[in-house]
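> This is the structure I have questions about; it appears just below.
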Amino acid sequence: MPSLGVVVREVRSRVDMTGDHSDQPPPPPSIAVVTGAGRGIGREVARRLASSYTVVATARTESELAETASGRPSIRVLVADLEQPGAVERIAAFADQLGVLRVWVNNAANLDPQPLVEITDERWRRVMAVNLDAVLAGCRAALSRMAATGGGVIVNMASLSGVAGVEKFPGLTSYNVSKAGVIALTEATALEGRDVGVRCVSLSPGAVDTAMLRRAAPHLRAGMTAEDVAAIVAFLVSDAAAPLSGTNIPIFSNR
């Protein structure tokens, strides 16, 4: 009959052979970045993704971000003004400190309704800085990191306002043009991410029950809520949506 010492040595040997290394550190958290997360669609997307990711929620207003994260310890907040140079890289660097970037949702948007003939260069640039330039910067930051760490998903929030052939409304020229650019940028990003495991999809909702809708088109009745949009985003970043990349998904929710 083998001694106790022999039995212990045999058990340890078997554990080593099976690769059970319980002292190894756990894998780093999977990170999702959501811009414009202080209210509306961005807030609901951040809250929805918080069940599966450590979420970096960003916006310009600290009090709104605090409300977004209230009672949700997996949401980390970062105040950032996307009109400012370097803001997106600061967000990406913050995400790097927390774990591995797997999802990036470009949701922040600026709206400045005015007739086309009254649009100044300065006001045009302010809309483009948030609605298109920051989306480019977000795609660039996300693509480079995801390509180096095994892939991920980028979701760009566009709008029916940027979809060709859909009814437009006066006073929204800069917004419409910016969202059309987001749709084109999504295709370009998906093309370059294809061989490195990075998907990119844009979502173009119509009327959503948010404060922005009430500013942009108060005559419209919303056919969906911010929670509805968040549910769609959660699907798009899931494995179930793996075949979807480079596509824009229009949602005809105007009522």
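> Return yes when ASP96 is of a type in the set (D, E, K, R), in contact with a helix residue (DSSP H, G or I) (Cβ under 8 Å, 6 or more places away or on another chain), modelled with pLDDT of 95 or more and more than 22 Å from ALA147 (Cβ to Cβ) and no when it is not.
No: the conditions fail for ASP96.
> Still on this structure: With of a type in the set (Lys, Arg) and closer than 14 Å to VAL233 by Cα as the only criterion, which of ARG47, ARG72, ARG39 stands out?
ARG47
> Further question on the same structure: Kindly provide the set of residues from the range 189-209 that are of a type in the set (Val, Ile, Thr) and surrounded by fewer than 21 Cβ atoms within 10 Å (Cβ to Cβ), ordered by number.
Residue satisfying the conditions is VAL196 alone.
> Filter the range 165-188 down to the residues that are surrounded by fewer than 23 Cβ atoms within 10 Å (Cβ to Cβ), at pLDDT 95 or above and not hydroxyl-bearing (Ser, Thr, Tyr) and list them by number.
Of everything in the range 165-188, those that are surrounded by fewer than 23 Cβ atoms within 10 Å (Cβ to Cβ), at pLDDT 95 or above and not hydroxyl-bearing (Ser, Thr, Tyr) turn out to be ASN176, VAL177, ALA180, GLY181, ILE183, ALA184, LEU185, GLU187, ALA188.
> Yes or no: ARG125 assigned to a helix (DSSP H, G or I) and free of Cβ contacts under 8 Å to residues at least 40 places away in the same chain?
When the stated conditions are applied, ARG125 passes them.
> Further question on the same structure: Does LEU132 qualify as being part of a helix (DSSP H, G or I), of a type in the set (A, V, I, L, M, F, W, C), surrounded by fewer than 16 Cβ atoms within 10 Å (Cβ to Cβ) and in contact (Cβ under 8 Å) with a residue 24 or more places away in the chain?
So LEU132 fails the test.
> Just a yes or no: is a residue in the range 217-232 loosely packed, with under 15 Cβ neighbours inside 10 Å and touching a Ser or Thr at 6+ places or on another chain (Cβ under 9 Å)?
No: zero hits.
> How many residues, within the range 56-90, are of a type outside the set (D, E, K, R), more than 21 Å from ASN131 (Cα to Cα) and touching a strand residue (DSSP E or B) at 6+ places or on another chain (Cβ under 9 Å)?
5
> Inspect the range 111-131 for any residue being within 19 Å of ARG199 (Cα to Cα) and in contact with a Lys or Arg (Cβ under 6 Å, 6 or more places away or on another chain) and give the result as yes or no.
no
> Further question on the same structure: What's the number of the condition LEU82 fails, among (1) of a type outside the set (Phe, Trp, Tyr); (2) under 17 Å from THR189 (Cβ atoms); (3) crowded, with 24+ Cβ neighbours inside 10 Å; (4) in contact with a Ser or Thr (Cβ under 8 Å, 6 or more places away or on another chain)?
Every listed condition holds for LEU82 apart from (2).
> Condition check: more than 27 Å from ASP228 (Cα to Cα) and out of contact with any Lys or Arg (no Cβ under 7 Å at 6 or more places or on another chain). Does SER178 satisfy that?
When the stated conditions are applied, SER178 does not pass them.
> Could we say that THR61 is of a type in the set (S, T, N, Q) and surrounded by 14 or more Cβ atoms within 10 Å (Cβ to Cβ) here?
Against the criterion (of a type in the set (S, T, N, Q) and surrounded by 14 or more Cβ atoms within 10 Å (Cβ to Cβ)), THR61 does not qualify.
The values are calculated or read from the model by the stated rules, or taken from the named source; none is laboratory data. Since we're looking at a predicted model, the values are computed, not measured. Don't worry about glycine lacking a Cβ; one is built from the backbone with ideal geometry, like all the others, and counts go over all protein chains shown.
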